[in-house]
Amino acid sequence: MSFLRHGEIYHFDEGAISHDRAPAHRNDEFPAGYSLAGCTPAEPASASPAGRHLAGKPVRSTIEFQRTAGSVLTVCLSSGDNPNRNDGPRNQKIQSDLKAAGLAVGEDGKGRSCWMAYGYVLASGRAEIIALHDCDIVNYSREMLARLCYPVADLRIDYVFSKGYYARVTDRMHGRVTRLLISPLVRSLERLVGHHPFLAYLDSFRYPLAGEFCMYADMARINRIPGDWGLEVGVLAEVYRNFSVQRICQVDLADNYEHKHQSLSADDPQKGLMRMTVDIGKTLFRTLAAEGVVLPEGILRTLQAQYVRSAEDTITRFYADARINGLSFDRHAEEDAVHAFARGLRLAAESFLADPLGTPLIPNWNRVVAAIPDIFARLNEAVEIDNT
């Protein structure tokens, strides 16, 4: 009883507005058949994530590249608490020099790995497009990469950034942070602060925490990124800030997707999904503040209660989806995750109120070049020598 999507490209629908009494769970917010075959109001299989659908319109689904950009470089990033490290001696020296110049390069982790990869791509001058994806994908195929790159690489399609989405389901639903944190949190914020274009934009993504995205290489010159686990939300925020939403899309990468599942670590905010929750919360609050949204202590306290109510409603709907699709569903574990996420949001709110600016984003490469004009030559040399 599933209606799996395949080969769809969606652009952001700027005109879609989340209504105050919108349901906490939407059929197409989590791209898997169990949602479409669930107990929530039915929508067409081609339903757009922002509320409008493309039924009856042609969908660009071919993966045969024609008149594409000259070169694509794929950056592979690991996921978990021990991401790829930039530990070559010359690379470490460059990072020390950047810090000495007053440039924050973030803590050792996925964000810095991503940022350093950006710099090397720009330094090498060998690629026009950058594609990033996690390295722990169990069922990886080249078709996933082709689909991710196609909306940007095909010059006949006017997109500068594509975000991947996919189903996360085996004998049960996965993707707890997207299902039980991001969607209820964004919609709770919309209820409290009112409609805001950035929240509508963020809510339009079917899998906002997907590690897979593709972009023009020049975007790495102007986009900053967080150095922590707020990376995915931070990247979407910078793309929103610097580019027209009409040139941003998301693309269906696969019928299903399986990779490493992180532990909840409910009692340790420095590990697992709890750390991710805190970092995502801080990134979201600071992004909204930068957009001019006032988030006083009272709003953030109310948000925690509103979030829990919204997430609990979401669990009820996902339970119905699981039942009708014959999936295992541990409702107690889902409830535990929601309350752990609520504690993480409280920590994120406390950190935001204590220091609204927080840890600076890793600067874009235009600023780095302004501070250290020969940085690209040094970086290119360091990578080549450290890898010989």
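Values quoted throughout were computed directly from the atomic coordinates according to the rules given, and no laboratory measurement underlies them. What you see is a predicted model; the values in this text were computed from it and never measured. Neighbour counts are summed over all protein chains in view; Cβ atoms, including those assigned to glycine, are modelled from backbone coordinates with ideal geometry.
Overview of values
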{"item": "Burial ordering of HIS174, HIS339, HIS133, fewest other beta-carbon atoms within 10 Å first", "result": "HIS339, HIS174, HIS133"}
{"item": "Label-point separation, ASP158 to GLN92 (7 Å along Cα→Cβ), nm", "result": "4.9 nm"}
{"item": "Alpha-carbon centroids, segment 100-155 and segment 183-201: separation in whole Å", "result": "29 Å"}
{"item": "Those residues of segment 372-388 whose amide nitrogen sits under 19 Å from the label point placed on ALA100, 7 Å along Cα→Cβ", "result": "372-383"}
{"item": "Cα-projected label distance for LEU353 with VAL369, points at 7 Å along beta-carbon direction, nm", "result": "4.3 nm"}
{"item": "FRET E, pair SER263, ILE222, Förster distance 41 Å, beta-carbon r, rounded to 0.05", "result": "0.70"}
{"item": "For GLU350, net neighbour charge (Lys/Arg +1, Asp/Glu -1) across residues whose Cβ lies under 12 Å away", "result": "+2"}
{"item": "Simple label model, 7 Å out from Cα along Cβ direction - ASP171 to ASP108, nm", "result": "3.9 nm"}
{"item": "Rounded FRET efficiency, nearest 0.05, which uses the C-beta distance separating GLU297 from SER141 and R0 of 45 Å", "result": "0.40"}
{"item": "Peptide ranges 234-247, 274-287, 373-386 listed from the most packed, as the mean C-beta count within 10 angstrom indicates", "result": "274-287, 234-247, 373-386"}
{"item": "FRET E, pair GLN246, HIS195, Förster distance 25 Å, beta-carbon r, rounded to 0.05", "result": "0.85"}
{"item": "Listed residue pairs exceeding 23 Å between alpha carbons, taken from LYS110/LYS163; LYS110/LYS271; LYS93/LYS271", "result": "LYS93/LYS271"}
